[in-house]
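The values are calculated or read from the model by the stated rules, or taken from the named source; none is laboratory data. Everything quoted here is computed from the prediction, not taken from an experiment. Methodologically, a virtual Cβ is constructed for each residue, glycine included, from the backbone with ideal geometry; neighbour enumeration extends over all protein chains shown. SASA here: full protein model, heavy atoms, side chains in, ligands and nucleic acids out. Shrake-Rupley method; radii C 1.70, N 1.55, O 1.52, S 1.80 Å.
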Amino acid sequence: MAFLAALLRNHVLANLVFVLVIVLGTASYLQMPRAKDPQIKLNWVNIITYLPGGAAEDVEKRVTDPIEEVIQRSVRDIKFVSSTSREGSSNIIVRFDYIDEATYDKRVIDLRREVQNVYNDQLPREAEDPIFYELTSSTWFPTATIVVHGQGQDDNLRRQARYVKRDIRSHIRCRCHQCARTAPPGAQGRVPPRASDRTGYHAG
């Protein structure tokens, strides 16, 4: 109280204290550790399942529909489910409600369990293991997208995309996401600036 009274009577001292607080606050803020690319969970999960050689209708009936039905029936706190069936691949996007991080992690575990049960019990033997891809602020907008393209959209092209992904990881520290056999097939990766000189891959 005495210090406060002194500040009220002495304007010069009050100004000095005010400047000192600003300087210390600015210095503390500049020294605070902070992430350059903070990862924020968006409550979206992408499920990709491949059925080699399957027509779009077969993929929808034999892969997409069984997975989508069990998700909507058995997993809670889901806002909506969207799916796309293409030749050889099923793509399902699950959007969860706005829930806390602990609950979201539990729901993702439930989602993985239910989809894996469907894969073991209902999906064709030719179907590959479902790939779960959690969309976050850092994976939704990759720093770089590397596309491997060719005349044929087959397993050989997908294998070449894997080689590119492995080559990038062996040269630089980055977060490379799984190869996606889309149109055309490709691989996405986060590549630090000026790191392309070490890998031989350049932006185009």
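Points to keep in mind about this one:
- Filter result for Ser90 (small (Gly, Ala, Ser), open to solvent by 20 Å² or more (accessible area, probe 1.4 Å) and under 26 Å from Ala161 (Cβ atoms)): no
- Each residue in the stretch 98-127 was checked for being touching a residue at least 12 places away in the same chain (Cβ under 8 Å) and under 21 Å from the mean Cα position of the chain (by Cα), and 13 of them qualify.
- For the stretch 47-65, a tally of residues being outside any loop (DSSP other than H, G, I, E, B), open to solvent by less than 20 Å² (accessible area, probe 1.4 Å) and of a type outside the set (Ser, Thr, Tyr) returns 4.
- Qualifying residue in the stretch 8-18 (condition: surrounded by 15 or more Cβ atoms within 10 Å (Cβ to Cβ), outside any strand (DSSP E or B) and aliphatic (A, V, I, L, M)): no
- Test result for Ile40, surrounded by 12 or more Cβ atoms within 10 Å (Cβ to Cβ) and touching a strand residue (DSSP E or B) at 6+ places or on another chain (Cβ under 7 Å): no
- Taking residues in the stretch 82-94 that are within 14 Å of Ala55 (Cα to Cα), and partners anywhere that are open to solvent by 50 Å² or more (accessible area, probe 1.4 Å) and not in a strand (DSSP E or B), the pairs with Cβ atoms closer than 7 Å and at least 6 places apart or on different chains are Ser85/Glu60; Gly88/Pro52; Gly88/Gly53.
- Of the helices (runs of 4 or more DSSP H) lying entirely inside the stretch 94-186, the ones with 1 or more residues being open to solvent by less than 40 Å² (accessible area, probe 1.4 Å), at pLDDT 70 or above and β-branched (Val, Ile, Thr) are found at 101-121, 155-171.
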